[in-house]
1. Counting only residues 5 or more places away or on other chains, whose amide H sits under 5 Å from the amide H of Asp310 once H atoms are built in the peptide plane?
2. With contacts defined as alpha carbon pairs under 8 Å and 6 or more residues apart, what's the relative contact order of the chain in percent?
3. Could you size up the charge dipole of the stretch 37-158 around its Cα centre, putting +1 on the beta carbon of Lys and Arg and -1 on that of Asp and Glu, and report it in debye to the nearest 20?
4. Under a no-solvent Debye model with one identical scatterer per Cα of the stretch 98-248, what's log10 I(q)/I(0) at q = 0.09, 0.10, 0.19, 0.22 Å⁻¹?
5. Per residue, how much accessible surface does the stretch 88-228 expose to a 1.4 Å probe? Answer in Å², no decimals.
6. Tally Lys and Arg at +1 and Asp and Glu at -1 over the other residues with C-beta under 11 Å from the C-beta of Val262: what net charge comes out?
7. Ranked highest first by average number of other Cβ atoms within 10 Å, how do 161-172, 325-336, 349-360 line up?
8. For Leu395, which sequence-distant residues (separation of 5 or more, or a different chain) have an amide H within less than 5 Å of its own amide H, given hydrogens modelled in the peptide plane?
Amino acid sequence: MTRVLANARLTDGSTVDIHIRDGMIDAVEPTGSKASEASDGEDLCGWLVLPAMAEPHAHLDKALTAEEVPNPKGDLFGAIDAWITAAAAGRITLEGTVERAAAAMELLLVHGVTAVRTHVNVLGPNPTESLSAVKEAAARFDGLLDVQTVALAVSPMNGAEGADNRSALAAAVEEGVDFVGGCPHLDSDGPGLIRNALAVATDAGIGVDLHVDEMLDPSVLTLREFARQVIDSGFEGSAAASHCVTLGMQSRAVQLEVAALVAEAGIAVFTLPQTNLFLQGRDHPTATPRGLTAVSALQECGALVAAGADNVQDPFNPIGRSDPLETAALMVTAGHQLPDAAYDMVSNSARRAMGLPVINIKPGDPADIVAIDAPSIRGAIADAPMARRVFRRGLLVASADQQTAIHHPTQEEK
Ligand SMILES: [Zn+2]
């Protein structure tokens, strides 16, 4: 049996019926032109259909804690301190993390996200507690939302003083994660951290997704080291570098040199505009840098660049709607992307970087689709209307409706 998403509008303005079989798009035909044996489906009433969105970089274990874990300093180290203090005071519980992570997943899904990659803190006396919480939350969305996990190990990772952190990472890998994480720019031995991450990932047969150079100091450029090590080691897993803020602070020549290495290494770069616009640049009151990576140099060199939200309503970022259209809007405004390219960075480019098949609303594509009541991709990003239908493998998994009204006062009320 096929399902039909009828009266769907493509970005070229044509209205089509999308026939779905076994979760995949089987045919895309002008509306009403193909008879169907379908017994169910949806009438999309001319809403725009787009590839479902993907969130390549989240922290679902920290999401939605802005009230419990305030960060009055507003910078990255204020956020890290606030989190450590709250955790030490017992304000972050397993049960609370399960509920918050589930709430954040629900928000992502209702906005049109069918795949998310989340970093999860791996530290302390129960290093896998947050991972267990996120997995428990993810189980509630089985079949609705693909959840990839990254073990975010803390530094130091090498030497005698890194022993606890290395065993915390090993425990997380043992429990089951998709990626090894870490922050080489915060480690006294960044190259050593990268070497260890690649070795652990190789042994476990998983990928690597590092927080890289999340600062404005141009003398720090661990991205170059990461790319070289991936190339030299012949690492075969999936590799991603998130943030890469200091690349944006380099000369154009250095940007292009490093971007070429990143492309050669096959490292996907995730730029995270909202959190980096919030956290970075506070000590640069004049001509404040935006804190984004060198998006155009990376693109010019053929590197895969996607965009994510990073933190949402926590000490690292007090706002955020869990809506990739918000990230896309920032990529237009702060990243100087055209709207179609910005949407691609939160949908198909993010999916490619996450190892998922791309969706072009063509036969053979997975039927992960978001329908939105908007005139165009530009209009969808501009208005971000909460009039959406989200389909995963052709099945409706979330919906939102928006109503507005103007009420004119009567003559007497005036
Ligand atoms: Zn992050």
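The values are calculated or read from the model by the stated rules, or taken from the named source; none is laboratory data. A quick note: this is a predicted structure, and the numbers were derived from the prediction, not measured. Note: ideal-geometry Cβ built from the backbone for every residue, glycine included; neighbour counts use all protein chains shown. For accessibility, only protein heavy atoms count, side chains too; no ligands or nucleic acids. Shrake-Rupley method; radii C 1.70, N 1.55, O 1.52, S 1.80 Å.
1. So Asp310 has HN proximity to His57.
2. Relative contact order comes out at 20 percent.
3. Dipole about the Cα centre, nearest 20: 620 debye.
4. The Debye formula, applied to the Cα set alone, gives -0.29, -0.36, -1.14, -1.33.
5. Accessible area per residue: 38 Å².
6. Result for the neighbourhood of Val262: 0.
7. 325-336, 349-360, 161-172
8. Long-range HN contacts for Leu395: none found.
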